[in-house]
Amino acid sequence: ASVDTRKDPTLLVPLSIDQSSAEPADKSMYFVAGGCNWPWQDLNQSLASFLDALQTHQNARLKWLGAWPENLPETVREHPRIERVGWLPYQEYRRVLSKATAAFDWYSPNPERELALAFRHMDYLGSGLPILGYPNTALQDIGPGTGIYSTDVMQTTVDWLQNPRLRNKTRKTTAKIAADFHWSKTSVSLINWLNSPKKRMRTPSQLTSWV
C-alpha cells in the first residue's frame with residue numbers, strides 16, 4: 001500500500017513481552033504447561049517421564065493450563081502430580097505463571113517450533129519463567145538462558161528439582177532476556193517509521209505496463 005519496505009523490511013513488531021514482576025516460587029514447587037492442542041503434538045512419552053521425575057520431590061506438581069491434551073493414557077490423565085486447571089482470564093493466568101518454578105515444554109520436535117515461538121513462550125518469559133524442553137527450537141535462537149533444553153526429560157527435571165543454585169541462575173538469565181523483548185523495545189522500529197513515513201517510489205512493473 002505505497003510503503004517502501006526495501007530499506008527496512010522489519011516493520012512488523014515481533015512477539016513481545018509485557019513483563020510482570022516474578023514472585024518467588026512457592027514451597028510446593030509447581031510447573032506450568034498447556035496451550036492449544038495441535039495434531040503434531042505428542043506428549044505421551046515426555047509427559048509420563050516428567051511426572052515420574054516429579055515424584056522424586058515431596059511436593060512438585062504440574063498445573064495444566066488451557067486445552068487438556070488428547071489421546072493421553074489414563075495413567076497420565078489420573079496421575080497424582082498433574083492438576084487440570086483449564087482456561088483462565090488472562091490476568092489470572094499470568095498470576096499462576098508468576099508463582100511457578102518453570103514451564104514444561106517437552107512437546108515432540110516439529111518444524112513449527114523449530115522456526116517460530118509460541119505466544120505461551122512469551123508469557124512464560126514475561127513472567128520470569130525458565131522453559132524446560134527439547135533442543136533445536138526457536139527459543140534457543142533468541143539467546144542462551146531462556147531455559148534448559150535436553151532430550152533427557154527425567155534427568156533434566158530431577159536436576160532442576162534438586163539444584164536451587166541452577167534454578168536461581170537460570171531465572172536471573174531469563175529475566176534479562178525477557179527485558180530485551182519488552183514491547184517498548186520491540187516496537188521501536190515501527191514507531192520510528194510512523195514518525196517519519198516514506199512513500200514508496202513508483203517503479204516500472206509488469207502490472208503498470210499493461211495499462
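The values are calculated or read from the model by the stated rules, or taken from the named source; none is laboratory data. Here the structure is a predicted model, which means the values were calculated and not measured. Every residue, glycine among them, receives a Cβ derived from its backbone with ideal geometry; neighbour counts consider all protein chains shown. Side chains included, ligands, DNA and RNA excluded: accessible areas come from the protein's heavy atoms. Shrake-Rupley method; radii C 1.70, N 1.55, O 1.52, S 1.80 Å.
When the stretch 143-184 is filtered for residues that are loosely packed, with under 13 Cβ neighbours inside 10 Å and of a type in the set (D, E, K, R), the ones remaining, listed by number, are ASP152, ARG165, LYS172, LYS176, ASP180. Taken as a whole, the stretch 82-99 holds at least one residue that is outside any strand (DSSP E or B), touching a Lys or Arg at 6+ places or on another chain (Cβ under 8 Å), at pLDDT 90 or above and open to solvent by less than 40 Å² (accessible area, probe 1.4 Å).
Of all residue pairs spaced 6 or more apart or on separate chains, those with beta-carbon atoms under 6 Å, a first member in the stretch 59-75 that is among the small types (Gly, Ala, Ser) and a second member that is surrounded by 12 or more Cβ atoms within 10 Å (Cβ to Cβ) are ALA60/MET29; ALA60/LEU54; ALA60/LEU161; GLY66/GLY34; GLY66/GLY35; ALA67/ASN37.
For every residue, the table says whether it meets (1) open to solvent by 10 Å² or more (accessible area, probe 1.4 Å); (2) touching an Asp or Glu at 6+ places or on another chain (Cβ under 7 Å); (3) assigned to a helix (DSSP H, G or I); (4) not acidic (Asp, Glu).
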position: PRO39; (1), (2), (3), (4): yes, no, no, yes
position: LEU47; (1), (2), (3), (4): no, no, yes, yes
position: LEU51; (1), (2), (3), (4): no, no, yes, yes
position: ASN59; (1), (2), (3), (4): yes, no, no, yes
position: GLU70; (1), (2), (3), (4): yes, no, no, no
position: THR75; (1), (2), (3), (4): yes, no, yes, yes
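Being modelled with pLDDT under 75 and either in contact with a strand residue (DSSP E or B) (Cβ under 9 Å, 6 or more places away or on another chain) or among the charged types (D, E, K, R) (or both) is the filter here; which residues of the stretch 17-46 pass it? Passing the criteria: GLN19, GLU23, ALA25, ASP26, LYS27, SER28. Restricting the first member to the stretch 85-99 and to residues that are closer than 14 Å to GLY35 by Cα, and the second to residues that are β-branched (Val, Ile, Thr) and open to solvent by less than 40 Å² (accessible area, probe 1.4 Å), the beta-carbon pairs closer than 6 Å and six or more apart or on different chains are LEU97/VAL32. Of everything in the stretch 161-186, what is modelled with pLDDT of 80 or more and polar (S, T, N, Q)? Give them in sequence order. GLN162, ASN163, ASN168, THR170, THR173, THR174, SER184 - these are the residues of the stretch 161-186 that are modelled with pLDDT of 80 or more and polar (S, T, N, Q).
Checking each residue in the stretch 105-126 for being open to solvent by 40 Å² or more (accessible area, probe 1.4 Å) and in a helix (DSSP H, G or I) picks out PRO111, GLU112, GLU114, LEU115, PHE119.
Going through (1) within 24 Å of GLN55 (Cβ to Cβ); (2) more than 13 Å from the chain's Cα centre (by Cα) one by one, PRO109 falls short only on (1). So which residues in the stretch 57-76 are among the charged types (D, E, K, R) and within 23 Å of the chain's Cα centre (by Cα)? Scanning the stretch 57-76 gives ARG61, LYS63, GLU70.
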